[in-house]
Each structure stands twice: as C-alpha cells, then as structure tokens.
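A.B. asks: My questions all concern the structure below.
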Amino acid sequence: ERTAVVVSAMSGVTDVLIQLVELAAVQDSSYLAKLQSLKERHLDTVTGLHLPATRQQSLAETISSDFSEIEEVLRGAWITRVASERTKEFVSGHGELWSAQLLHAYLERCGHSSAWLDARQVLVVEPDSKTIAVDWQLSQEKLQIWQKDHEADFVVITGYIASTHNGVATTLKRNGSDLSASIFAALLEAD
C-alpha cells in the first residue's frame, strides 16, 4: 500500500514567519535576526539528517533560496509599511514546504520510495475572511495528473497551503494542516 503523509511546519515556525511580516511592516529591524535564526534552524536540521553530500547540499540550497525570496518580500513590507494578508499567506506557508522536503529526503535516505507534493500544485480553494471552499473536482483532476508522474510508496504532502483559481498561494487558515489531512484523505480515497 502507498502511504500519504500530510506535514505541518516545525513547532513555532508559522508563528515566527507571520511575526516576521508584521515586524518588517512596522520597520522593526529585528526581523532580520529572527529570519536568520529560522534559516539556521532549518539548515541545522538538514545537516542532522545525515543525507548523502550531494542531496544535503541540494536541499540546503533550496531552503537558502527560499529564505532569500522571503527576505525580498519582507523588504517590500518594510518599504511599503504594509503587512498584507496575501504577503502573510505567502510567507507563512514556507514552513510546510520545508518540512515536506526534509521528511521526503529522510525517507529516501532510509531507503524508502518517496515523493513530496507541494499542495499548491493541486489543491485549489477560494478563501474568504474566515474559511475556504475547496474546488473538489479541479483539485481531484490536478492530483490525478500529479500522481501519474510520481509513483512512490510514500507521498509527503504539505499541509496548510493551497492555491486560488488564479494560482495565487494561499493558506487554509490556522490549524490548516489538520484540514489538509482531511482534504487529501478524501481526494486520495484513503483508508
């Protein structure tokens, strides 16, 4: 049987990412040190997985690149003095991206057949102020296409994040990883 695993961010990461946007928007330069600390935490985790050297370097480069992009977005919040909901959702969803890639790499290191899925590629939702509406049909179609190209015993899926019909990154709001698990269980017709 194949196993799907929906992951959340590491403990406290989502809160810190949201805080970074808010600090940048009020021009509190402490956001830079907090961002660096968060980056080091993830890079230390990569090192702690004892991956093959090329895999470790590749994963570290991917995570470092994400942090560079986040730093640019935060600089925009600093300049504009705006912590928009869209910016918060884009930045806060990265914790799940990193967790999924870390678990995927660890499973492969342990000799398992694994793939990881960025839920934004398949999960289409329309958010409003307090909840989201899943486009079940479109999400199912996108997931089936993704599955054709990704045969593996384990599929590690990002919780919490999704995309709108326009392809804009969004979240499933607080505790969204739990909701993601339910959504993907339904889409995968899991036991």
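A.B. asks: Restricting the first residue to segment 41-62 and requiring it to be at pLDDT 95 or above, which pairs with a second residue that is surrounded by 12 or more Cβ atoms within 10 Å (Cβ to Cβ) and not in a helix (DSSP H, G or I) meet a Cβ separation below 8 Å and a spacing of at least six or different chains?
C.D. replies: Arg41/Met10; His42/Met10; Thr45/Met10; Gln56/Leu49; Leu59/Leu51
A.B. asks: If we keep just the residues of segment 136-159 that are touching a helix residue (DSSP H, G or I) at 6+ places or on another chain (Cβ under 7 Å) and assigned to a strand (DSSP E or B), which is most open to solvent (accessible area, probe 1.4 Å)?
C.D. replies: This residue is Phe154.
A.B. asks: Return yes when Thr171 is hydroxyl-bearing (Ser, Thr, Tyr), over 18 Å from Thr3 (Cα atoms) and open to solvent by 20 Å² or more (accessible area, probe 1.4 Å) and no when it is not.
C.D. replies: When the stated conditions are applied, Thr171 does not pass them.
A.B. asks: Further question: Please specify each residue of segment 174-191 satisfying the condition of being assigned to a loop (DSSP other than H, G, I, E, B) and either without any contact (Cβ under 8 Å) to a residue 12 or more places away in the chain or over 16 Å from Val7 (Cβ atoms) (or both).
C.D. replies: Of everything in segment 174-191, those that are assigned to a loop (DSSP other than H, G, I, E, B) and either without any contact (Cβ under 8 Å) to a residue 12 or more places away in the chain or over 16 Å from Val7 (Cβ atoms) (or both) turn out to be Arg174, Asn175, Glu189, Asp191.
A.B. asks: Let me confirm something: among Ala162, Ala133, which residue is assigned to a strand (DSSP E or B) and without any contact (Cβ under 8 Å) to a residue 40 or more places away in the chain?
C.D. replies: Of the residues listed, the single one that is assigned to a strand (DSSP E or B) and without any contact (Cβ under 8 Å) to a residue 40 or more places away in the chain is Ala133.
A.B. asks: Every residue in segment 74-96 that is within 15 Å of Ile161 (Cβ to Cβ) and either out of contact with any Ser or Thr (no Cβ under 6 Å at 6 or more places or on another chain) or of a type in the set (Asp, Glu) (or both), please.
C.D. replies: Of everything in segment 74-96, those that are within 15 Å of Ile161 (Cβ to Cβ) and either out of contact with any Ser or Thr (no Cβ under 6 Å at 6 or more places or on another chain) or of a type in the set (Asp, Glu) (or both) turn out to be Glu85, Arg86, Thr87, Lys88, Glu89, Phe90, Val91, His94, Glu96.
A.B. asks: Quick check: anything in segment 51-67 under 17 Å from the mean Cα position of the chain (by Cα) and among the aromatic types (Phe, Trp, Tyr)?
C.D. replies: Yes, because at least one residue in segment 51-67 is under 17 Å from the mean Cα position of the chain (by Cα) and among the aromatic types (Phe, Trp, Tyr).
A.B. asks: Also, I was wondering about something else. Search segment 107-130 for residues being without any contact (Cβ under 8 Å) to a residue 24 or more places away in the chain and not hydroxyl-bearing (Ser, Thr, Tyr), and hand back the single one that is most open to solvent (accessible area, probe 1.4 Å).
C.D. replies: Asp128
A.B. asks: Turning to a different aspect of this structure: Go through segment 54-85 and give me each residue that's open to solvent by 80 Å² or more (accessible area, probe 1.4 Å) and out of contact with any helix residue (DSSP H, G or I) (no Cβ under 7 Å at 6 or more places or on another chain).
C.D. replies: If the condition is that a residue be open to solvent by 80 Å² or more (accessible area, probe 1.4 Å) and out of contact with any helix residue (DSSP H, G or I) (no Cβ under 7 Å at 6 or more places or on another chain), then Thr54, Gln57, Glu61, Glu69, Glu72, Arg75, Ile79, Thr80, Glu85 are the ones that fit.
The values are calculated or read from the model by the stated rules, or taken from the named source; none is laboratory data. Quick caveat, the model's predicted, so the values are computed rather than measured. All Cβ positions, glycine included, derive from the backbone under ideal geometry; neighbour counts span all protein chains shown. Each accessible area value is taken on the protein alone, full model and side chains, heavy atoms only, with ligands, DNA and RNA left out. Shrake-Rupley method; radii C 1.70, N 1.55, O 1.52, S 1.80 Å.
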